[in-house]
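Below: one structure, written as structure tokens.
Every number in this text was worked out from the coordinates using simple rules, so none of it is lab data. Keep in mind that this is a model prediction, so the values were computed, not measured. Using ideal geometry, Cβ is built from the backbone for each residue, glycine included, and neighbour counts are taken over all protein chains shown.
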Amino acid sequence: MDQKEIRATGVKLSRLGLGTVPLAGLGVPAVDYATFEAVVLAAYNAGIRYFDTAPMYGMGRAEHFLGHALRTHDLIGKVTISTKVGRLLKPASKVRAGEGLFGITWDGALPFVEQYDYSYDGIMRSFEDSQQRWGVEKFDILNVHDIGRLTHGDQADLYWGQLRDGGYRALDELRSSGSVRAIGIGVNEMEAIEQMAADFDLDSCLLAGRYSLLNQGPLDSFFPAMQRRGIAVIAAGVFNSGILGGGSKGQTRIFDYMAAPPEIIAKVEKLEAVCGRYGVALPEVAIQFVSAHPAVACILQGCKNTAEVAQNTAALTRPIPAALWQELRAEGLLPDNAPVPHGA
């Protein structure tokens, strides 16, 4: 699988990366360790060389499992690994969980709750806790997780203040010391990335759910800005929380973590109709569309079983007729300035 280097950091991203949200039990039953390990190995054997997680995922469960799987199979140093900072995990019996705007629960979570902390001490503590959960000394990428108004609402300025007053210094020290090789941000909003990029020398950004067949918001200004700055874009959530994967008739029609509104379902039905005329699956079109943009260095896909790993990796190379992309444009389902595979 093709890989792209992030700036001159030496960090490489395979065209497809493995995210661990589904494995950690968000919206689906959490998997046992044997299944988790099997998915990791299937991903590696398929050519995936980028693996991402966060303290939030299963309240530490994903970090424990991913670190153990990669260490057990001697893959540390052979793959790119990333985790995130901005949340500290505290014993659920002793403290209250931090309040964000999204009420996210995890099946099979470990007995901890999250508290937001973007200060110098908070980032250093989060990093050290992740080292221990993973069982590793260094990470390739460290992402600031969910900073911004979309997650924190009226509290956003408080957390931006923590980041500016000491958090940036912690990130700089970790990168300068070689404890991490690249600093990024992992969010669901372009505005937060632009704000952090104005304050701090970012190497990469992980943007979830904002560039897809249903959302081309980054085209006009965001992607060009990232390219000018040399910030590698890792695109996650290319199925928009599920509806582009399961389709308009799927059991779970979720868009941006909520039930899909009628207008989104109607657009998905139109996309499915075009795909059906060419005998191509909608998820394949969804993955290749995002991958076609030159600003996107990697697509980060969560998989809950080995079959999904096989489907996603195959989707990257499945031949799609140029006429399909042309028809999507002709029907107003894609803007003319959206890059598509092979210049179709």
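Observations on the structure shown:
- 0 to 90° range, to nearest 10: angle between helix 61-72 axis and the chain longest Cα axis: 90 degrees
- Dipole in debye (nearest 20) - the chain, about Cα centre, beta carbon charges: Lys, Arg +1; Asp, Glu -1: 580 debye
- In units of the compact-protein estimate 2.2 N^0.38 Å, the stretch 186-314 shows a Cα radius of gyration of 1.09.
- Relative contact order (percent, whole number), the stretch 3-343, Cα cutoff 8 Å, 6+ residue spacing: 18 percent
- Measure of compaction for the stretch 3-343 (Cα Rg per 2.2 N^0.38 Å): 0.95
- Surrounding net charge for Val296, when Lys and Arg each add one and Asp and Glu each subtract one, Cβ distance under 14 Å: +2
- Nearest-ten-degree value, helix 190-199 long axis tilted from longest Cα axis of the chain: 50 degrees
- Expressed to the nearest 5 percent, the antiparallel share of DSSP beta bridges inside the stretch 3-343 is 25 percent.
- Ellipticity estimate at 222 nm from DSSP helix runs (n ≥ 4, -39,500 (n - 2.57)) divided over the chain, nearest 500: -11000 deg cm²/dmol
- Taken along the Cα-to-beta-carbon direction at a fixed 7 Å, the label points for Asp2 and Arg164 span 3.9 nm.
- Dipole axis of the chain (+1 Lys, Arg; -1 Asp, Glu on Cβ), positive-most option in Leu316, Gly246, Phe127: Leu316
- Non-local lysine pairs in the chain, meaning eight or more places apart or on different chains, with alpha-carbon distances under 14 Å, amount to 6.
- Rounded, prolate or oblate (a/c below 1.5 giving rounded, otherwise prolate when a/b exceeds b/c) for the stretch 201-243 by Cα gyration tensor: oblate
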